[in-house]
Amino acid sequence: QVSAALKEGHVTPTELCQRCLALIKSTKFLNAYITVVEETALKQAEESEKRYRTGQPLGVLDGIPIAVKDNFSTAGIETTCASEMLKGYIPPYSATVVQKLLDQGAVLLGKTNLDEFAMGSGSTDGVFGPVRNPWSYSRQYKEKSVPKSHPEDEDSNWVIAGGSSGGSAAAVSSFTCFAALGSDTGGSTRNPAAHCGVVGLKPTYGLISRHGLIPLVNSMDVPGILTRCVDDAAVVLGSLAGHDPKDSTTIQDNFKPFELPNLIDVSKLSIGIPKEYHAPGLSSEILALWSKAADLFKNAGANVIEVSLPHTHYSIVCYHVLCTAEVASNMARFDGLEYGHRSDMNKSTESMYAATRREGFNDVVRGRILSGNYFLLKQ
């Protein structure tokens with residue numbers, strides 16, 4: 001809709017950018033952004049405006065304000081991973097996905113908050129403080145949860161945005177941007193999307209380039225997409241997908257962008273509900289919503305069947321072994337020598353390494369490094 005409004009001249013890219021920047025300022029309490037690049041964004045919006053004036057927009061994303069999780073490299077813009085370790089680090093290049101969006105005229109507003117090095121599921125563990133869910137400030141939530149007699153509790157009465165891409169989800173949910181990039185290893189885009197009431201997509205591994213995404217778990221990391229509707233997610237996916245010579249894990253085949261049909265015949269779909277997912281600890285509320293979704297498919301004519309995934313029981317354990325082992329390897333590069341934080345401890349190289357990592361990483365990151373090295377040392 002906003003793309004059509006830009007084409008028809010109902011709003012200019014600069015006006016749109018200014019509105020989003022004003023909203024970022026007025027919703028600063030959400031702590032969704034780490035860095036806002038106001039001057040750069042307005043410059044990009046001006047360039048977009050010139051293209052619209054000459055009738056030569058670069059595509060559907062031209063002039064659309066976007067945000068990017070702060071673990072994607074952005075040329076000339078500080079990239080911190082919400083960690084002391086990378087405070088002040090300015091990459092010399094942009095991640096492939098970021099560059100693709102910029103090449104299509106998208107306007108980058110800033111970098112969003114996250115759990116430190118994307119390790120977490122609440123966006124509460126970053127060095128810049130927690131992200132607050134925009135829905136914490138909705139009338140419905142306040143009426144339901146804040147006792148009328150204790151208005152002073154309101155400031156502390158907020159709920160998490162989910163993680164680790166909580167800043168991106170909160171940014172989209174609070175209308176400060178129209179799409180945002182997250183990253184997803186074990187749910188880090190889908191989890192905050194669910195918490196913030198937006199669409200979160202983890203594309204198939206290899207469909208989108210990981211080049212420039214600061215790695216957590218190379219064998220599972222995928223750039224994620226957060227938007228307010230499914231059609232928008234499809235548009236962004238179509239813009240980002242495809243082979244990248246800088247990432248050998250991307251698909252080799254040519255990717256053909258697609259459009260979602262307005263009407264989908266779900267009677268041709270067969271949908272499996274894994275019985276093992278009805279696990280101990282699943283809340284009654286989630287089970288009810290899950291059943292409701294299954295019923296919607298069933299009533300629309302889809303074939304909904306129960307299936308068995310017998311190894312589900314081992315999945316979390318398996319994930320944690322792989323995750324922590326790769327984290328231990330990936331975090332080894334942050335040693336205080338080449339870039340990022342360096343401790344003043346100068347007794348020896350070893351003591352400088354140790355002090356740098358103690359000061360630069362939080363407890364969550366250090367815990368995963370220790371676990372990973374433990375697993376890697378086991379036969």
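Name the residues in region 91-125 that are of a type in the set (A, V, I, L, M) and surrounded by fewer than 24 Cβ atoms within 10 Å (Cβ to Cβ), would you? Show your work before the answer.
Filtering region 91-125 for residues of a type in the set (A, V, I, L, M) gives 95, 97-98, 101-102, 106-109, 114, 118-119.
Within region 91-125, LEU101, LEU102, LEU108 meet the criteria.
A single member of ILE273, ILE264 is surrounded by fewer than 18 Cβ atoms within 10 Å (Cβ to Cβ), of a type in the set (A, V, I, L, M) and part of a strand (DSSP E or B), and it is ILE273.
Condition first: part of a loop (DSSP other than H, G, I, E, B) and open to solvent by 50 Å² or more (accessible area, probe 1.4 Å). Now tell me which residues in region 230-248 satisfy that. Explain how you work it out, then say what you get.
Let us first name the residues in region 230-248 that are part of a loop (DSSP other than H, G, I, E, B), namely 241-243, 245-246, 248.
Answer for region 230-248, where residues must be part of a loop (DSSP other than H, G, I, E, B) and open to solvent by 50 Å² or more (accessible area, probe 1.4 Å): HIS243, PRO245, LYS246, SER248.
I'm checking my understanding of the structure. Among residues of region 1-46 that are over 30 Å from ALA161 (Cβ atoms) and touching a residue at least 24 places away in the same chain (Cβ under 8 Å), which one is surrounded by the most Cβ atoms within 10 Å (Cβ to Cβ)?
Keep residues of region 1-46 that are over 30 Å from ALA161 (Cβ atoms), which gives 7-10, 12, 46.
From the residues that got through so far, the ones that are touching a residue at least 24 places away in the same chain (Cβ under 8 Å) too are 7, 9, 12, 46.
Values: LYS7: 14, GLY9: 9, THR12: 18, GLU46: 14.
That would be THR12.
Scanning region 320-377 for residues that are farther than 24 Å from THR185 by Cα, open to solvent by 50 Å² or more (accessible area, probe 1.4 Å) and either in the same structural domain as LEU86 (by the TED database) or part of a helix (DSSP H, G or I) (or both) yields THR349, GLU350, TYR353, ALA354, ARG358, GLU359. Residues in region 132-140: is at least one without any contact (Cβ under 8 Å) to a residue 12 or more places away in the chain, assigned to a loop (DSSP other than H, G, I, E, B), open to solvent by 10 Å² or more (accessible area, probe 1.4 Å) and of a type in the set (Lys, Arg)? No, region 132-140 contains no residue that is without any contact (Cβ under 8 Å) to a residue 12 or more places away in the chain, assigned to a loop (DSSP other than H, G, I, E, B), open to solvent by 10 Å² or more (accessible area, probe 1.4 Å) and of a type in the set (Lys, Arg).
Taken together, the residues in region 271-327 that are aliphatic (A, V, I, L, M) and touching a Leu at 6+ places or on another chain (Cβ under 6 Å) amount to 2.
For region 1-63, which helices (runs of 4 or more DSSP H) that fit wholly inside it have 2 or more residues that are in contact with an Asp or Glu (Cβ under 7 Å, 6 or more places away or on another chain)?
Values: elements: 2-7, 13-26, 38-53.
Here the list reads 13-26, 38-53.
Scanning region 188-214 for residues being in a loop (DSSP other than H, G, I, E, B) and touching a strand residue (DSSP E or B) at 6+ places or on another chain (Cβ under 9 Å) gives a total of 15. Within region 249-258, does at least one residue satisfy the condition of being closer than 27 Å to ALA161 by Cα and surrounded by 14 or more Cβ atoms within 10 Å (Cβ to Cβ)? There is no residue in region 249-258 that is closer than 27 Å to ALA161 by Cα and surrounded by 14 or more Cβ atoms within 10 Å (Cβ to Cβ). Whenever a residue of region 117-129 is outside the structural domain of ALA328 (by the TED database), its partners that are among the basic types (Lys, Arg) and not in a loop (DSSP other than H, G, I, E, B), lying with C-beta atoms within less than 8 angstrom and at least six residues away or across chains, give the pairs ALA118/LYS69; MET119/ARG368.
The values are calculated or read from the model by the stated rules, or taken from the named source; none is laboratory data. Note that the coordinates shown come from a computational prediction; the quantities given were computed from them, not determined experimentally. Because the Cβ atoms are built from the backbone with ideal geometry, glycine has one as well, and the counts that use them run over all protein chains shown. Just the protein is used for accessible areas: all its heavy atoms, side chains included, with ligands, DNA and RNA removed. Shrake-Rupley method; radii C 1.70, N 1.55, O 1.52, S 1.80 Å.
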